[in-house]
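Student: One structure follows; several queries about it will come next.
All of the numbers you see were taken from the coordinates with simple rules; none came from a lab. All values reported here derive from a predicted model rather than from experimental measurement. Reconstructed Cβ throughout: ideal geometry from the backbone, glycine too, with neighbour counts over all protein chains shown.
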Amino acid sequence: MLDSASSSRPLLLLMAAILCGLAACAGVRPEDKEHLAEPAMSYGDEGMSEQHEQHVLDNREGSTGGGDTRGGGCGCN
Amino acid sequence: MQLTKLCLLTVVTLLMLLAAADGAFAQANMSAGTSLFREQGGPLHMDVIMPSVNAAVDVAEPLQLRVGWMADIVSGASVAVVDAPADSVDAITTATVSDTRHQLSGGLTLRDTQGSVDVTYNHAFENDYRSHNFAVTARTDLWDRNTGFEIGYSRAFDRVCDVAGTFEPVEKPRLDSSKGCFSDAQTRSARELAIHTLQAGFTQVWTPVFTTRIGVLAQLLHGFQVNPYRAVRIGKTAAQEHAPNDRARYALSASGRFWLVPLRAALGLEARAYRDSWGITSFSGELSYDQRLFGDVRLRLRLRYYAQGRAAFYSDDYMLAPKGRYFTGDRELSAMRSALFGLAFRWQLPTDESGHLLGFLSSFALVLKGDLLRSFFDEFHYDRAEVPNTLAQLLSLELRATM
């Protein structure tokens, strides 16, 4: 298990480096962001109703996480 | 009475924040709304009303203050002893559930042109549960704001009411009510639960119409993690369910949004994988379509499918097929699937020539949202009876204002 994790680490680092490199090259200029400014295109702008839905799903499923990083949660599941 | 006091406290705090905002000519955001959750079937039903109020005020150039309140007002009937003899749905024995959970939150955000730091504190309480949660989140934007990184850590200090005394797990009785919880009552005790959550996100704009986000979560829980009211029949008698004290949970999600220029609509796709040390693995996929209808009126359709495997110690019948030292009656720890269909309507009211509404609002939006959630429990039964309450509805109304 340890060997497997050690051998996959360089690959993960390489993938992260490639991703960051691609990200830096993807230069969308501010004047081209008209469509990206649409509320439907932004992440983390879902509001209260989405928080309530996530609260329900956390209580009705055996898993959690992967969404917005803000807030935290009280562990009231 | 407690609810009234909390509402008053929240309203007074919000008014103070708004007054501060007015004095400093700063921007203030406020949202208020409520959600109604209903799940019913046979003798089981659960109704939850979730009102909430949130406000955020820019008190100075880099500093924003936030305050909020939300509640879960719960009433219903749930199963007290899982796998008690029941040939049909009507024979399932139920216990009445009635409680109100309040959550107060406060925090501040420091930000500049390249990033922000949020610090948040939540306190939640109900008759049988107490929670204090501290969260810190940092975010930065790079390369013309085309790339965003964020990382957050939260630590929760929770306490759960339980029966007092030392028992062998197979002899431990369930908690019969919340009466006496968090008091000097000799029959009650408080069990600790510590939760560490680390989350990170990477958002990337690739083209003028395409953006993606990757999110990861790692969470460690240590302490009491069962429903103290639920017992499981494990022989001639029933005992309070018994689960490991430690749980490590990991999730990875990837999502993309694509703007369809001719249709003036956004297409969204999200996938999430999850695994934890109790043996549960899950996957969810979501497809959304957000259409701008006319002006600032939007309609959003959403489909979500979820599937998970069972926990390593889950069994549908612990008398016939025990799974080691642990036993649970939690249907969410069995192999299950669910499908969600959601519809949301958002209306951003137009402003006048000066950019205002009613002379003092710079924006006002109304959000109306409805979800249908159908769950499928292929291997969970109440003795020989199928799970009756598998259809749930969630209806939300939210008002958002900026001044």
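Student: Using only the C-alpha atoms of region B:220-324, find the volume of their convex hull and express it per residue in Å³.
Tutor: That works out to 148 Å³ per residue.
Student: Let me know the whole percent of all Cα-Cα pairs from region B:210-264 that are separated by more than 15 Å.
Tutor: 70
Student: Could I ask something else about it? Seen from all sides and averaged, what is the projected area of the convex hull of the Cα atoms in region B:305-360, in nm²? Could you put the intermediate results ahead of the total?
Tutor: Numbers: hull surface 31.5 nm².
Result: 7.9 nm².
Student: Report the extension gain between B:THR166 and B:ASP144 in nm, rounded to one decimal, defined as 0.36 nm multiplied by the number of residues separating them, less their alpha carbon distance.
Tutor: 1.9 nm
Student: Could you pull out the longest piece of chain B with no exposed loop GluC sites (Glu not before Pro) in it, calling a site exposed if DSSP puts it outside H, G, I, E, B and it has at most 14 other Cβ atoms within 10 Å? Please report the intermediate quantities before stating the final value.
Tutor: On the way: sites that count: B:GLU353, B:GLU379.
No qualifying site falls inside B:1-352, the longest such stretch.
Student: Next up: In peptide B:364-371, what is the residue-averaged number of other protein chain Cβ atoms found within 10 Å of each Cβ?
Tutor: Other-chain Cβ atoms within 10 Å of each residue's Cβ, averaged: 3.
Student: Take the Cα gyration tensor of region B:338-403, multiply each eigenvalue by 5, square-root it, and list the three semi-axes largest first, rounded to whole angstrom.
Tutor: 44, 9, 6
Student: May I ask for log10 I(q)/I(0) of the protein assembly as shown at q = 0.10, 0.13 Å⁻¹, from a Debye sum over the Cα atoms as equal point scatterers with solvent left out?
Tutor: -0.84, -1.39
Student: So, one more: Measure of size requested: the Rg and Dmax of region B:68-156, with Cα atoms as the atom set and Å as the unit; please supply both.
Tutor: For region B:68-156, the Cα-based Rg and Dmax read 21.5, 64 Å.
Student: Relative to the present Cα-Cα distance, how much length would full extension add between B:HIS196 and B:TYR305 at 0.36 nm per residue of separation?
Tutor: Result for the pair: 36.5 nm of gain on full extension.
Student: I'm checking a number: the convex hull volume of the Cα atoms of chain B, normalised per residue, in Å³. What is it?
Tutor: Each residue corresponds to 158 Å³ of Cα convex hull volume.
Student: What residues qualify as long-range amide H neighbours of B:ARG310, i.e. H under 5 Å apart, gap of 5 or more or another chain, H built at 1.01 Å from N?
Tutor: Under 5 Å from the amide H of B:ARG310: B:ALA335.
Student: Of B:LYS179, B:LYS369, B:LYS236, A:LYS33, how do they rank once you tally other Cβ atoms within 10 Å and put the fewest first?
Tutor: B:LYS236, B:LYS179, A:LYS33, B:LYS369
Student: For region B:40-88, just the Cα set please: Rg and Dmax, both in angstrom.
Tutor: 20.8, 66
Student: For region B:40-194, report the % of Cα-Cα distances exceeding 25 Å.
Tutor: Considering region B:40-194, 53 percent of its Cα-Cα pairs are separated by more than 25 Å.
Student: Averaged across A:31-39, how many Cβ atoms of other chains sit within 10 Å of each residue's Cβ atom?
Tutor: Shielding by partners across A:31-39 averages 6.
Student: Moving on to the next point. What whole-number distance in Å separates the alpha-carbon centres of region B:219-237 and region B:65-105?
Tutor: When both Cα centres are located, 16 Å separates them.
Student: Considering the Cα positions of region B:141-219, please state its Rg to one decimal place and its Dmax as a whole number of Å.
Tutor: Just the Cα atoms of region B:141-219 yield Rg and Dmax of 22.7, 65 Å.
Student: Report the percentage of all Cα-Cα pairs in region B:78-126 whose separation exceeds 14 Å, rounded to a whole percent.
Tutor: Tail fraction, whole percent: 70.
Student: Shielding by partners for B:141-147, please: the mean number of other protein chain Cβ atoms within 10 Å of each residue's Cβ.
Tutor: Taking all residues of B:141-147 together, the mean is 5.
Student: From the backbone phi of region B:315-332, what are the Karplus-calculated ³J(HN,Hα) couplings (6.51 cos²θ - 1.76 cosθ + 1.60, θ = phi - 60°) in whole Hz, Gly and Pro given as x?
Tutor: Per residue, the Karplus-derived 3J(HN,Hα) values read 9, 7, 8, 6, 6, 8, 9, x, 10, x, 8, 9, 8, 9, x, 7, 5, 6 Hz.
Student: Let me ask another. What do you get for the angle between helix B:2-23 and the principal long axis of chain B? Use alpha-carbon atoms, 0 to 90 degrees, nearest ten.
Tutor: 20
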